[in-house]
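Take a look at the structure below.
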Amino acid sequence: MTPARGTVYLVAGTEATDRAEALSEALTTDGATAEAVRDTSVVQDRLSDGDVRGVVISDDGDYDGVAVFEELRATGAEIPIVLVATDPEPDRVTEALRTGITDYVTAETPASLLAAKLEAYATRWPTDWRVGAIQWDDISSGVSHDAKNPLNVVMGRLDLLDIGEPHEDALLRSVRRVETLLTDLSRIGSIACPVSETDSLSLADVAREVWAAGSYEDATLELSTDASIDAEHDRLQLLLRELFDNAVTHSEKPVTVTIGDTDSGFYVADDGPGIPEADRDEVFDQGFGTTRDGEGYGLFLVDTAARAHGWTVSVGESESGGTRIDVTAA
C-alpha cells in the first residue's frame, strides 16, 4: 500500500511551516505535497477534506504541539502526527511520545528523512497507542458481540436436551468459560484506551464503593489512606475490583485486604497465601492464572488499567506474607 495521488501533509506552526517547501520537494509519492498552515486551529477543519495523510506540528514558543495532538485525537483523527522543535528538552520528548505522538524530530532533521518517515507512517498499521487502542476496542467489542449470539443458541439448546451427568455440567461450564473470555476481551479493548480526563478522587471512597458492590463474604477491608488520586473513576474502580477479587479468590481462609499510601502512589495488600517469587515476573501477563476457574486476566486487566493512566504496577510480599501490589502513579 502506498499513499494515494494528491496526498497532503499539513505542516502547522512557524517552525514546521518554514519546512513546507523543502518537504514538498522531498516527498516521493506522485502528487504529494506539504501544505503550510500557520494557525494550528485550522488543521482540524482541513482534516475533513479527506486527503490529509499526516500532520507536522511545531512544539516551540507559541505552539503547544502536545495540546494540539490531544485536540486532534479527541475528535477522532487517526492520521500520524509528528512534532518538530529546534532544541527540545529530553523530558518534553519523553512526555510527547508517552502521550502517543507518532514521532518527535528536531528542526535539523533533513527534509528527505522527514518525508520518508511521513510516507511510511501513512501506510502502516498505526503504532500510536491511542489509535491502536481505539481500533482494538472496536474489533474486540465486535468479536465479543458476534460470538455471544451463537453461544446463546447453544445455551438454549442445552436447556432442551437431557444429556445427563457428567456431560451436561461440563458443557455448560465450557460455554460459560467462553462467555467470560469474550467479556474479558471486550473489557480489555475498552480500558486500554489512554485516559484523557481525570478527576481528583478519594481512594478510600472509591475502594468502599467497590467493596460494597462486590459482597465479599468473610473478607475484611482495611483503609490506611486518606489520599486523593487523579484518575478516571470507572477504570480506578475496575483496577481495585480486580485486586480485591484476586485476593479473595486465591485465599482459602477469610482474608483481610489493606489499602495504604506510598510516596509515589498506593498499595493493595492482603494476608492470603501470597504469590511465589518465581511467578511474580509473569502475574501481569495475559492468560497467566493459577486457579482452575480463572482465565488469568485479572492482574492483566489491572496492569492495562494502570498503563492507561500512565501508572506502573509491581508485585511483592505483604507484611503478613500475602500479596502486595504497588501502584506507582507519580
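The values are calculated or read from the model by the stated rules, or taken from the named source; none is laboratory data. Values in this document were obtained by computation on a predicted structure and should not be read as measured data. Here the Cβ positions follow ideal geometry from the backbone for every residue, glycine too, while neighbour counts run over all protein chains shown. Note: areas computed on protein heavy atoms with side chains; ligands, DNA, RNA excluded. Shrake-Rupley method; radii C 1.70, N 1.55, O 1.52, S 1.80 Å.
Under 5 Å between amide hydrogens, built in the peptide plane, is the criterion, and for F266 it picks out V327, A329 among residues at least 5 positions away or on other chains. Of S48, S318, the residue with the largest accessible area leads and the full order is S48, S318 (1.4 Å probe).
Taking a point 7 Å out from the Cα of T28 in the direction of its Cβ, the residues of segment 71-85 whose backbone N falls within less than 20 Å of it are 80. Sorting E209, E317, E232 by accessible area puts them as E317, E209, E232; the probe is 1.4 Å, largest comes first, and only protein heavy atoms count. When both segment 26-43 and segment 204-263 are represented by their alpha-carbon centers, they are found 51 Å apart.
Label reach from D49 (point 7 Å along Cα→C-beta): in segment 10-29, amide nitrogens under 19 Å belong to 10-14, 16-29.
Please give the contour-minus-distance gain from N152 to E197: 0.36 nm per residue of separation, less the Cα-Cα distance, rounded to one decimal in nm.
Details: separation 45, 0.36 × 45 = 16.20 nm, distance 3.65 nm.
Extending this stretch completely gives an extra 12.5 nm.
Near L201, the amide H atoms lying under 5 Å from its own belong to I229, D230, A231; only residues 5 or more places off or on other chains count, and H is placed 1.01 Å from N. In this structure the amide hydrogen of A34, modeled in the peptide plane, comes within under 5 Å of the amide hydrogens of Y9, S24, none closer than 5 places in sequence on its chain. Label separation (T106 vs E78): 3.5 nm, computed from points 7 Å beyond Cα along the C-beta direction.
Between L171 and D263, how high is the FRET efficiency from 1/(1 + (r/R0)^6) when r is the Cβ-Cβ distance and R₀ = 35 Å? Nearest 0.05.
On the way: r = 52 Å, r/R0 = 1.47.
E between L171 and D263, to the nearest 0.05, is 0.10.
Which order do the peptides 219-230, 51-62 come out in when sorted by mean C-beta neighbours inside 10 angstrom, highest first? Let's see the in-between values first.
Details: 219-230: 15.1, 51-62: 20.7.
Most protected by this proxy first, the peptides run 51-62, 219-230.
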